[in-house]
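Each value in this text was obtained by applying a stated rule to the coordinates, not by laboratory testing. Just so we're clear, the structure is a prediction, and the values are computed from it rather than from any experiment. FYI the Cβ positions are ideal-geometry reconstructions off the backbone, even for glycines, and counts take in every protein chain you see.
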Amino acid sequence: MQCLAIMLLLSGLNMFYPLLFAEIIGRALPNQDMELFMSCLVGMLSIRMIGEGLGLWNGHLLRLVGGRVIFSLRKKMYDHVQKLSLGFFESRSPGEINARLMGDTASLTNLVTGTLLRTIEAVFTAIIIVCLLFYLDWRIALVALAVTPLHFMSYFMFERRLSHESWKATEKNSQVSGKTHEVFDASKVVKGYSAERREVRTLVGQLREGHEIQLQSGWLSSSWGAFTNSVSHIGTLIVMVACGLVVMWLDLDGFTEAEGREAIQQGVVTFSAMIAYVGMLYAPISQLIGVVGQIIPARVGLMRVYEILDLEPDIVDEAHAIRRDVVGRVEFEDVGFAYPMSKQVLTNITFTAEPGQSIALVGPSGAGKTTVANLIARFYDASEGTIRIDGIDVEEYAIHSLRNQMSMVLQETYLFRGTVRENLLYGKPDATDAEVVQAATLANAHEFVQALPYGYDTILGAHGARISVGQRQRLAIARALIRDPRLLILDEATSALDTASEMKVQEALSTLMSDRTTFIIAHRLSTIRDADIILVLDDGRIVQKGTHEELISIDGLFRKLYDPLWAREKEKQEEEELRALAEAETRESES
Amino acid sequence: MWRPQVYDLVAHYEPRSDFSLTHSIRAAVKELGRKYRGTTLMTGAHAGSPVIHTDMRGISIGTRLEISRLALRERDRQPLVAEVFRMFREAAERGIASGPIDRMTVKFPNAESKPDARQPIHDAYEEVFDSSCCFQRMQDPHTLRLGRAVVHQALIHHLREDGPYHSDHQPRVERVHSELGRRPGRYEGYQYFVEPIFTPGEHPEVVFHYSGDEPSRIIEVTMRQKSEETLQFMKSKTMRADPSRFVSLIDYDQGARRFGRLWVMQEGLLRRLDREWLPLIYLFMDEDLNPPLDATFTWEELYERQRVSPYVPRAQRLSSTFLDICIERLSERFLVLPEGGRFRLQPLFREVQHVTFYELGHYDKRLG
Ligand SMILES: Nc1ncnc2c1ncn2[C@@H]1O[C@H](COP(=O)(O)OP(=O)(O)OP(=O)(O)O)[C@@H](O)[C@H]1O
Ligand SMILES: [Mg+2]
């Protein structure tokens, strides 16, 4: 508001400038009036000085406001993005999200710092000037206004093309940033396939295109500017001609010579003021057009920002979400699930896990084991059926309350860039050193961590680079254990360990598992042998259920998975049976 | 009649991992531009001659061609657009683009609500590509994507589940489908279809068919043993004679699903719905799920109905924001119309179709 007031004051002040100038030309100089001349000059100087001062102050205010707007937009966006479900992150590359978060919001800076206010100022100035012109001489005012439609016509000619170019430029930027992110992330793969050259070539190609788009959009916006300016110049010229003609054709009959001179002088004063005003009239119009040129990229940025802000998180807490400690009884009742945009992954999953039990999920790759775990952690909501924890629908819990009481060791271990200790503390930021060491010991990690150059203060690379995969897994287990969760989900948590290390971890876990519900997903038989219940999944369904002893002795998928010799035998047998059946049927139908 | 109209047309081509925008391709595009030059008088978003760009799509690089056309008279529209389509096709055929056409978009102000400006594009498409075409509304109301739709049934049948597509059969179809994928060697050489058998008012049934030159006992037996479904043989000739009787497995599966995204088609325009918004439609219906199309309801009345509706998830029944969101989303899609503080279902609601949308390049691929 303050800014607006200052701006209006500024433009009001500027109005006087041409008047004073016209006084000098028209009166002070011809009449050799020193006093008038000096006071006009002083007046003009003070207008300019005051203007500069106000401008300075205004600029500061604008930057302040603009900065605040951008800051709050980024904060809002970051908040929002964190709330979005996994599906969002799966469908976009991190680099692209980042480009929107930082780049697109930045392009809005121009819009808030000034563009809006300057538009108001320009409109205000233009209106005052038009009034003044009509007051001074309506005929010439009409001439001056006659060219303005040309200005606005240019808008229709350039706007769509320019806005498309800016969209392309932003899009290209975000593609490039997404790609670089991905390539750097997968640097090992890129090098492993010696694809560095190829990646560089792709990227350079993209950069070149980006450059061409920039050139094109620059060319368009300067052509637009040049077009507008030319219209203004032509307009000014026409006005000058008109003014000149009016003065030339001034009807002096019936005037004395002195009176005639006086009249001409009056005309000159009016017209020099008018010409100055006409210049000032076209300036805000050009400025308006320039503003449009600035708004266009900002609008593209805004659209891209809102594309994300408008996404609603799939998983939200209900109004009276429950927050409470859980005991750990997990029930699935007829649960069905399909990932967004893909086919049914789970069908009719029903089981109950009592507190303290350990449940093993086994099955061929792609059977849906990880998906079951995702549903327990509420990374997704089930599409059919209900999942209950302690008898209450998971959808009624506050997400954070629930997740705080469970730990997951994911199939793909992720460790942050930072020290070993920091990574372990991620599970429980206020854990003591003793707790850290204890968790690491349980996970059979203490030994190797101590052997690292700086022990717990060794810095790991992003994704846990610089330590082995098995070591990473052990750190991930430690990170999960440190929170002392009620529910523990281990998705292939020990798959990369050698049998001896796995045994050790297993032993440690079994003491821990006694009083919490644990879900173990594994392909290796040794990992799941001792589970209380083994659920065998195939194609999203539970096909067998029982303990190891029960399952290994009967025909079925479990035995097929863990008794390969038997499985091969069985398959051969089945094929023979099918053929026999087919033959029998053929014979039957023939006879 | 003079009615200027600008179309911004873009064709996206299928990506290729070894594509690069070489000088010879640039030159070829220039040449294409000379052949298909048209004016826009600087009014379109693109230039009057084609401009080529590349998009990184995953690991590969796809190209896109952009061009604008200004049609001054109404009867110029279709030929001008058809010309552009021919150019798009030529670019794919001559290897200028990265691959075959994957999808096309057209943009003009308020495209969503201008059926008569859409029609020439539709006609031009059918003329050049000799296949049906429909429009999908994109995020903004000015851009439409051209694609093809498989029409299942009227949306109302889907909502009431009293049409030929029934979710009871969806798992069966999927079982057959996944069995086909599991033993590809055994099942190859034949085509597999579903025949929905349906008389209004009764529970629909499905029959599975496979067609080829000769019946195969081993296929029948394996399928019966593995998926407990019976396949009936049908000569390819018989099949081709009456194609409307049969539906591909994938289309039946899509049409019978009661989860995932939902596409609806109104006046040749496709819009996507989220299933979460559907409860609102049920609020407009009576107990027998008949939509009284001329009845209007106030917000309060709808809220009253929502509180007791079995179609609204229990947790949302008391939520007024839920109702607001559903109203907003369905009004944006013209399924619910606000009318002076009251709401009604769109008068042509019975004609709204439940469809599955495919990008141009994906329509044929869906059958594998
Ligand atoms: N984010 C996702 N979006 C879409 N489909 C997915 C997604 N994640 C998994 N799927 C699909 O769901 C099915 C089950 O996947 P899931 O990860 O649960 O398998 P899994 O049993 O854990 O297999 P593995 O032993 O290989 O880890 C697979 O067919 C997979 O293609
Ligand atoms: Mg998994």
Inset, instruction - Can you tell me the relative contact order of the stretch A:384-481? Whole percent, Cα pairs under 8 Å, sequence separation 6 or more. - result: 38
Legend entry - Fraction of beta bridges assigned by DSSP in the protein assembly as shown that are antiparallel (%, nearest 5): 75
Inset, instruction - Calculate the spin-label point distance for B:E161 paired with A:L56, positioning each point 7 Å from the Cα along the beta-carbon direction, and give it in nanometres. - result: 7.5
Legend entry - Those trypsin sites (Lys or Arg not before Pro) in the stretch B:1-90 that DSSP places in a loop and that have at most 13 other beta carbons within 10 Å: B:R37
Inset, instruction - Assign unit charges at the C-beta atoms only (+1 for Lys and Arg, -1 for Asp and Glu), then state the dipole size of the stretch B:156-258 relative to its Cα centre in Debye, rounded to the nearest 20. - result: 320
Inset, instruction - With springs connecting C-alpha atoms under 10 Å apart, model chain B as a Gaussian network and identify which of B:L318, B:L65, B:L249 has the largest mean-square fluctuation. - result: B:L318
Inset, instruction - Specify which residue in the list B:Q316, B:Q306, B:L348 is farthest towards the positive end of the charge dipole of the stretch B:275-350, using unit charges on the beta carbon of Lys, Arg (+1) and Asp, Glu (-1), about the Cα centre. - result: B:Q316
Inset, instruction - Assuming a ≥ b ≥ c are the square roots of the Cα gyration tensor eigenvalues, decide whether chain B counts as rounded (a/c under 1.5), prolate (otherwise, with a/b larger than b/c) or oblate. - result: oblate
Inset, instruction - Could you state the angle between the C-alpha long axis of helix A:148-185 and the longest principal axis of the C-alpha atoms of chain A, as a value from 0 to 90 degrees rounded to the nearest 10? - result: 30
Legend entry - For the stretch A:524-581 versus the stretch A:1-62, the gap between their alpha-carbon centres in whole angstrom: 93
Legend entry - B:R26 paired with A:A462, simple spin-label distance in nm, labels 7 Å along Cα-to-beta-carbon: 3.2
Inset, instruction - Taking chain A as the reference, fit the longest principal axis to its C-alpha atoms, fit the long axis of helix A:564-590 to the helix C-alpha atoms, and give the angle between the two in degrees, 0 to 90, nearest 10. - result: 90
Inset, instruction - Taking chain A as the reference, fit the longest principal axis to its C-alpha atoms, fit the long axis of helix A:116-136 to the helix C-alpha atoms, and give the angle between the two in degrees, 0 to 90, nearest 10. - result: 20
Inset, instruction - Compute the FRET efficiency between B:S131 and A:R208 as 1/(1 + (r/R0)^6), taking r as their Cβ-Cβ distance and R0 = 30 Å, and round to the nearest 0.05. - result: 0.25
Inset, instruction - Find out how many positive minus negative residues lie around A:Q206, taking Lys and Arg as positive, Asp and Glu as negative, among other residues whose Cβ is under 14 Å from that of A:Q206. - result: +1
Inset, instruction - Per residue of B:211-223, count partner chain C-beta atoms within 10 Å of its C-beta, then hand back the mean as an integer. - result: 3
Inset, instruction - Kindly provide the helix-only [θ] at 222 nm of the protein assembly as shown, computed as the sum of -39,500 (n - 2.57) over DSSP H runs of four or more divided by all residues, to the nearest 500 deg cm²/dmol? - result: -16500 deg cm²/dmol
Inset, instruction - Take every residue in peptide A:174-182, count the Cβ atoms of other chains within 10 Å of its Cβ, and give the average of those counts. - result: 1
Legend entry - Neighbour cut-off at most 15 other Cβ (10 Å), DSSP loop, GluC sites (Glu not before Pro), the stretch A:366-441: A:E412
Legend entry - Centroid-to-centroid separation of the stretch A:324-392 and the stretch B:134-177 [C-alpha atoms, Å]: 28
Legend entry - Mean Cα-pair separation over length for the stretch A:2-309, i.e. relative contact order, pairs under 8 Å, 6 or more apart, %: 34
Inset, instruction - Return a whole-number percent for the relative contact order of the stretch A:72-207, with Cα pairs under 8 Å and 6 or more residues apart as the contact set. - result: 38
Legend entry - Exercise: per-residue mean of other protein chain Cβ atoms within 10 Å, B:38-51: 3
